[in-house]
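The values are calculated or read from the model by the stated rules, or taken from the named source; none is laboratory data. Everything numeric here is computed off the predicted structure, so don't read it as measured data. When we count neighbours, we look across all protein chains shown, and the Cβ atoms used for this are built from the backbone with ideal geometry, even at glycine.
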Amino acid sequence: TLARYAARNPTSARLLDEAATAMPGGNTRSVLFHPPFPLAMSRGEGCRLWDEDGHAYLDALGEFTAALYGHSNAHIRAAIADALSAGLNLSSHTAREAALAREIQRRFPGMALLRFANSGTEANLLALAVAKAHTGRGKVVVFEGAYHGGVLTFGGGPSPMNVPHDFVFARYNDLGSVQALLADHGPDVAAILVEPMLGAGGTIPGDPAFLAGLRALATEHGVQLIFDEVMTSRLSFGGRQALLDIAPDLTTAGKYLGGGLSFGVFGGRAEVMARFDPRRPDALAHAGTFNNNVLTMAAGLAGLTQVLTAEALDALNRRGDALRERLNATLADQAVDMQFTGLGSLMTLHATARPVRSPADLAGTDGRAKDLVFFALLERGIFMARRGMIALSLPFGDAECDTLAAAFEDAIRTHRDVLP
Ligand code: PMP
């Protein structure tokens, strides 16, 4: 399969080699790299992608959730063109910025007041800064194998996210491990930073009781509970917090909320976020030339007000649930010990049939089996994340789900003998 992949994609290989003369490893987003080389895409439309060697794919990855609207939504294109024609850099606050802020505020119970940034990464760093300023404490509880807990470290090296922070590590879906950390470090802990469902860590949902327990522990210890909803914000209009009726102190999001352009947002309880009011003597600074860049504001606003209706989001989540069940039924029928976990339009393939409640449950599972499925699906015209993640977009309809499910069944049947 790998030899066929290399033979099929000479242009992608050459482009990465050329890029590597200017960028270490030939790219500028670590998550995209995988051996022997990742595909270089040249074009996208709706939920379809074309690579530099001319192959067409169904895009089941959707830019790791940021491409919720697909690649060429007419409303978003029109909004960007409109903003562009009014001038790019206005050196001022704008009406669009306020309108987008109010749309997000209206949806997320945990964001009474909010501010914008250029990425989810920035939003998280700012939320941590708020939590530290508000509590006067320094430590942050994060989760092993979560986005903030080192899932993106390759070969065991540190992630830059880790460097400036005094992180202490708990285990996901294990409230006792958080309790123990707080018993040891409580008076020094500023925040618990948690994804309501692990994203990069394998779309592993947090148990409602675990997340509610974090809320209670945070209150008890005077710790700020931060929900990172960068990936989960699409699970309902108000993210997973609205589904579970849990109010974190701070929330971060981004991805599709910027309409497919670079974006981050962080927000929280009014008295906490009020620290950013520049009229206050103790104001926290939060500058950033592009925090309100007009293209993102326009695209984000158009997406939320013209495209993402409640019905559209509901349908997407139902389509995702149905697809996940169907893919899991294929695995069960073929007696393959693999499964997809996830919620709604988000899912990840794991090489185990045992329950997966935390990344620790994936230790020792067969990474080669996942690779095999990934490359077999590429050959069949399905593009997903190498780590096994699927994030459906709005244009990814029932017909596309049928195509994906058929390709998956064929791939599993073909390689059944070497899968767990
Ligand atoms: N938090 C989570 C849970 C994420 O999955 C990601 C990125 N995939 C981020 C934060 C960072 O967002 P960005 O890529 O926009 O910096």
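Specify which of the listed residues (T289, T330) is in contact with an Asp or Glu (Cβ under 6 Å, 6 or more places away or on another chain), β-branched (V, I, T) and over 20 Å from M197 (Cβ atoms). Spell out the reasoning first.
Details: T289 fails: in contact with an Asp or Glu (Cβ under 6 Å, 6 or more places away or on another chain).
The conditions single out T330.
Yes/no matrix, rows are residues, columns are (1) among the small types (G, A, S); (2) within 21 Å of the chain's Cα centre (by Cα); (3) farther than 23 Å from A285 by Cβ:
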residue	(1), (2), (3)
E52	no, no, yes
H55	no, no, yes
D59	no, yes, yes
A67	yes, yes, yes
S72	yes, yes, yes
N89	no, no, no
L100	no, yes, no
F108	no, yes, yes
L113	no, no, no
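Checking the structure you have, find out if any residue of region 109-132 is modelled with pLDDT of 95 or more and of a type in the set (V, I, T).
no
Just the residues that are in a loop (DSSP other than H, G, I, E, B) and within 16 Å of the ligand (Cβ to nearest atom), please, taken from region 110-130.
In the first step, residues of region 110-130 are kept if they are in a loop (DSSP other than H, G, I, E, B); the result is 110-112, 118-119.
Result: G110, M111, N118, S119.
In region 131-143, which residues are within 16 Å of the ligand (Cβ to nearest atom) and either assigned to a helix (DSSP H, G or I) or free of Cβ contacts under 8 Å to residues at least 12 places away in the same chain (or both)?
If we filter region 131-143 for residues that are within 16 Å of the ligand (Cβ to nearest atom), which is where we start, we get 131, 140-143.
Once the filter is applied, which keeps residues that are within 16 Å of the ligand (Cβ to nearest atom) and either assigned to a helix (DSSP H, G or I) or free of Cβ contacts under 8 Å to residues at least 12 places away in the same chain (or both), region 131-143 yields only A131.
In region 65-87, what residues are surrounded by fewer than 19 Cβ atoms within 10 Å (Cβ to Cβ) and either touching a residue at least 24 places away in the same chain (Cβ under 8 Å) or over 25 Å from A40 (Cα atoms) (or both)?
Applying the first criterion (surrounded by fewer than 19 Cβ atoms within 10 Å (Cβ to Cβ)) to region 65-87 yields 72, 74-75, 77-78, 81-82, 84-87.
Within region 65-87, S72, H75, A78, A81, D82, L84, S85, A86, G87 qualify.
Yes or no: region 312-321 includes at least one residue that is crowded, with 19+ Cβ neighbours inside 10 Å and among the charged types (D, E, K, R).
Yes, some residue in region 312-321 is crowded, with 19+ Cβ neighbours inside 10 Å and among the charged types (D, E, K, R).
Exactly one of (1) under 20 Å from the mean Cα position of the chain (by Cα); (2) within 30 Å of A170 (Cα to Cα) is unmet by L304. Its number?
Just one mismatch for L304, condition (2).
Condition (residue is at pLDDT 90 or above and in contact with a His (Cβ under 6 Å, 6 or more places away or on another chain)) applied to region 144-162: is it met by at least one residue?
No: region 144-162 contains no residue that is at pLDDT 90 or above and in contact with a His (Cβ under 6 Å, 6 or more places away or on another chain).
Return yes or no: is F33 out of contact with any Pro (no Cβ under 9 Å at 6 or more places or on another chain), within 20 Å of F374 (Cβ to Cβ) and modelled with pLDDT of 95 or more? Steps first, please.
Working: out of contact with any Pro (no Cβ under 9 Å at 6 or more places or on another chain): yes; within 20 Å of F374 (Cβ to Cβ): yes; modelled with pLDDT of 95 or more: no.
Judged against the criteria, F33 is not a match.
L313 fails exactly one of the following numbered conditions: (1) without any contact (Cβ under 8 Å) to a residue 40 or more places away in the chain; (2) out of contact with any strand residue (DSSP E or B) (no Cβ under 8 Å at 6 or more places or on another chain). What is the number of that condition?
For L313, the failing item is (1).
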